[in-house]
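To start, the structure itself, in structure tokens.
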Amino acid sequence: MARSTKKRENIIRVASKIFYEKGFAAASIAEIAKSAEVRETLIYELFSGKEDLLFNIPIENTNVLIDNLLEHLSGVKGTENKLRKLIWHYLNFMENNRDYATLVLFELRPNRRFYQASAYGSFKRYNRIVMDILKEGVTEGVFYENLNLNLLRNLIFGALDHIIYSWLIFNRPDKLVELSDELFEILFGTTRTLRLDDTSAAMQNQAPAWSLDKRIAILRAAEAIFAEKGFDKARISDIAKALNIGEATLYEYFKNKEDILFSIPDDRTKNLLTSLADDLEQNHAAESGLRVFIRHYLAFLEANRDYTAILLFELRSSRRFYSSPPYAIVKQYNDILMGILKKGQADQTFSRDANIHLIRHMIFGSIDHTALTWLLFNKPSSLLGVADSLAWFVLNTLRR
């Protein structure tokens, strides 16, 4: 192996460790060079910058993930068996490669530029394998011909990602692979018994009107700037300039830039909870309540594109957010969903054997993945347009 290749691999290995321990934003090229025992100039000869180095880290691991998956799938017959193996393999790989899982979910998923980088090609290759299995299921008659395979893919990866988020942040569950069979039964049981159409629908919920006092005005301006520039590149002065006020005024209301970021979902969620409570007041039954919840959340995300971008690209990847006071407000939305699911089990509308914690991951995860492709690629054209299909997926699982 050429000496330069060995040095390149060593730099990637060291950078992976430092990014995992400190996070991408806090790490520096100087620190990586020192730990790798190379000159900084060598890193810039091999990579165009810190972000290029980050994007190159997952290539080897993702290719190993793919090659290992193909080896496991070799000789496996039938869509059901292949999906079961795929889910187990993904969870097992992430559990044994915690640093890789952390980089993928906290650094790469939220980085919009990653989706245009050549390194994203390995992720698309993995996606094609999954879609080929799902299409094979249609050909075999396992899935109905008009099943929305893109939504099903989002259900699978959304559920997996949210389970792994919980494992990384809260150490729940203890072992990822312990959930593989149950998650498979939830996902596969849904799709093999249900015919779905991806119906379109016009937006019915508009963004609520807020009292634009100075604090709210700051949050609205920050929301637009963070969505456009990204949190790291945005400056306090950008927000002040947009409002034609002095920077000192912002510090009268917020401690720093991160405090502003974390306060955005606090404010948004309070309004969301109020309007959702009004809608649920008219839908007491668990099944209709779940439909309202899904439609309401998708309508809210679609009507508030900047907030959706901040949620997926900034907050999901901020580990400090999950221990901040505003997260307690956001968690109330999760509690409402769990209340609907528990109510359905109590009155036997939903099966009492259903693992509602896994189903919660499936709901929020699939919405996240669907919203992500909507933001990046305008697919689907309307988030609310997939609400009925997603509700049918979930309800079919809960009724079994």
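Every condition in (1) surrounded by fewer than 17 Cβ atoms within 10 Å (Cβ to Cβ); (2) at pLDDT 95 or above; (3) within 22 Å of ASN97 (Cβ to Cβ) holds for TRP167 except the one numbered (1). Going by what's in this entry, would ASN378 be described as of a type in the set (S, T, N, Q) and farther than 20 Å from ASP279 by Cα? When the stated conditions are applied, ASN378 passes them.
Residues to consider are ASP259, ASP238; find the one that is without any contact (Cβ under 8 Å) to a residue 12 or more places away in the chain and either in the same structural domain as THR349 (by TED's automatic domain parsing) or buried (at least 20 other Cβ atoms within 10 Å of the Cβ) (or both).
Numbers: ASP238 fails: without any contact (Cβ under 8 Å) to a residue 12 or more places away in the chain.
Unique residue meeting the criteria: ASP259.
Could you tell me whether ALA309 is over 18 Å from the mean Cα position of the chain (by Cα), farther than 23 Å from TRP392 by Cβ and in a helix (DSSP H, G or I)? Judged against the criteria, ALA309 is not a match.
Looking only at residues in segment 11-50 that are under 26 Å from SER317 (Cα atoms) and polar (S, T, N, Q), the one that is surrounded by the fewest Cβ atoms within 10 Å (Cβ to Cβ) is SER48. Within segment 127-161, if we keep just the residues that are buried (at least 18 other Cβ atoms within 10 Å of the Cβ) and aromatic (Phe, Trp, Tyr), the residue that is farthest from SER381 (Cα to Cα) turns out to be PHE143. When each of SER351, SER366, SER317 is tested for being within 13 Å of the chain's Cα centre (by Cα), under 26 Å from ILE87 (Cα atoms), among the polar types (S, T, N, Q) and outside any helix (DSSP H, G or I), the lone residue that passes is SER317. Count of segment 369-385 residues, restricted to those that are assigned to a helix (DSSP H, G or I) and within 19 Å of the chain's Cα centre (by Cα), is 10.
Let's see how each residue does on (1) among the polar types (S, T, N, Q); (2) within 25 Å of PHE114 (Cα to Cα); (3) buried (at least 22 other Cβ atoms within 10 Å of the Cβ); (4) modelled with pLDDT of 95 or more:
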residue	(1), (2), (3), (4)
ASP353	no, no, no, no
PHE364	no, yes, no, yes
THR373	yes, yes, no, yes
LEU376	no, yes, no, yes
LYS379	no, yes, no, no
SER382	yes, yes, no, yes
PHE393	no, no, yes, no
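Pairing each residue of segment 293-310 that is under 20 Å from LEU341 (Cβ atoms) with any residue that is of a type in the set (Gly, Ala, Ser), provided the two are 6+ apart or on different chains, yields C-beta distances under 7 Å for ILE294/ALA387; ILE294/ALA391; ARG295/ALA387; LEU298/ALA387. Is segment 182-195 home to any residue that is of a type in the set (A, V, I, L, M, F, W, C), at pLDDT 90 or above and touching a helix residue (DSSP H, G or I) at 6+ places or on another chain (Cβ under 7 Å)? Among the residues of segment 182-195, at least one is of a type in the set (A, V, I, L, M, F, W, C), at pLDDT 90 or above and touching a helix residue (DSSP H, G or I) at 6+ places or on another chain (Cβ under 7 Å), which makes the answer yes.
Taking ALA101, is it at pLDDT 95 or above and in the same structural domain as PHE184 (by TED's automatic domain parsing)? In short, yes.
The residues of segment 70-113 that are touching a Phe, Trp or Tyr at 6+ places or on another chain (Cβ under 7 Å) and free of Cβ contacts under 8 Å to residues at least 60 places away in the same chain amount to a single one, LEU108. In segment 1-10, which residues are surrounded by fewer than 15 Cβ atoms within 10 Å (Cβ to Cβ) and either charged (D, E, K, R) or closer than 17 Å to ARG109 by Cα (or both)? Matches in segment 1-10: ARG3, LYS6, GLU9. In segment 126-139, is there at least one residue being under 15 Å from the mean Cα position of the chain (by Cα) and either closer than 28 Å to PHE19 by Cα or without any contact (Cβ under 8 Å) to a residue 24 or more places away in the chain (or both)? No, that holds for no residue. For the subset of segment 264-306 comprising residues that are within 20 Å of the chain's Cα centre (by Cα) and among the polar types (S, T, N, Q), which member is surrounded by the fewest Cβ atoms within 10 Å (Cβ to Cβ)? It comes out as ASN304.
For segment 59-69, the criterion of being surrounded by fewer than 13 Cβ atoms within 10 Å (Cβ to Cβ), outside the structural domain of ASP181 (by TED's automatic domain parsing) and under 30 Å from LEU149 (Cα atoms) is met by at least one residue. Checked across segment 31-46, the condition of being more than 24 Å from the chain's Cα centre (by Cα), aromatic (Phe, Trp, Tyr) and not assigned by TED's automatic domain parsing to the domain that holds PHE123 holds for at least one residue.
The values are calculated or read from the model by the stated rules, or taken from the named source; none is laboratory data. Treat the numbers as computed from the prediction; the structure is a model and nothing was measured. Using ideal geometry, Cβ is built from the backbone for each residue, glycine included, and neighbour counts are taken over all protein chains shown.
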